[in-house]
């Protein structure tokens, strides 16, 4: 919860200044892409020249709101925009049936894969999306999904639909937040992204990767964590000395 301090401030105001937040970390050494053969190259090579590719990777369940992506695809069905959805989950079969029934030929599903293969898939997209369910008040304190690390590592711009505290994506300037549960707005934003020039999209994606390395790598977060611990120790020593001096004054 990046905005946890605000929550503590509401519940225990006197403790708000004692709250420190260390975000999830990023391992630059982890292999986020397969070395060698790319199982997705054949598919994407046939469509990338004439289409803008929107990607999603993750669980396909009720809470993941992939139906918002499908509805946005329906709205944009006459645009040169292709939707590639990777993952598995309880809602996948139903969504695949909906896509077939509505003849949404530009929506394609891919099976769930290992984390190492996710990066290989994501690199083919022009834009990555992450919809969230609306109406959840806890989101005002922020969210920190692992998905954002994968997305940012891929150096692609990101579109998030979330009713809550905007963080990381905003800080990194690598994407856009929009209102949740609004497929029409999502479709409008996707269309805007599709009309951006290539360099603008690349720069946004590069911002995300740079932010990971400079702000979220484990070395950086370790230093931040140790700095917090050191600060607590120093304050404890100062308070102990202060109490000792007060005791001496009282005895004098």
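The values are calculated or read from the model by the stated rules, or taken from the named source; none is laboratory data. Computed from a prediction, not measured in an experiment: that's the story for all the values here. All Cβ positions, even for glycine, are placed from backbone atoms using ideal geometry, and neighbour counts span all protein chains on display.
Restricting 146, 102, 111 to those that are at pLDDT below 95, surrounded by fewer than 18 Cβ atoms within 10 Å (Cβ to Cβ), on the phi < 0 side of the Ramachandran plot and in the same structural domain as residue 70 (by TED's automatic domain parsing) reduces the list to 146. If I filter region 58-70 for residues that are under 26 Å from residue 209 (Cβ atoms) and surrounded by fewer than 20 Cβ atoms within 10 Å (Cβ to Cβ), do I get at least one hit? Yes, because at least one residue in region 58-70 is under 26 Å from residue 209 (Cβ atoms) and surrounded by fewer than 20 Cβ atoms within 10 Å (Cβ to Cβ).
Within region 72-91, the set of residues being in a helix (DSSP H, G or I) and under 21 Å from the mean Cα position of the chain (by Cα) comprises 72, 73.
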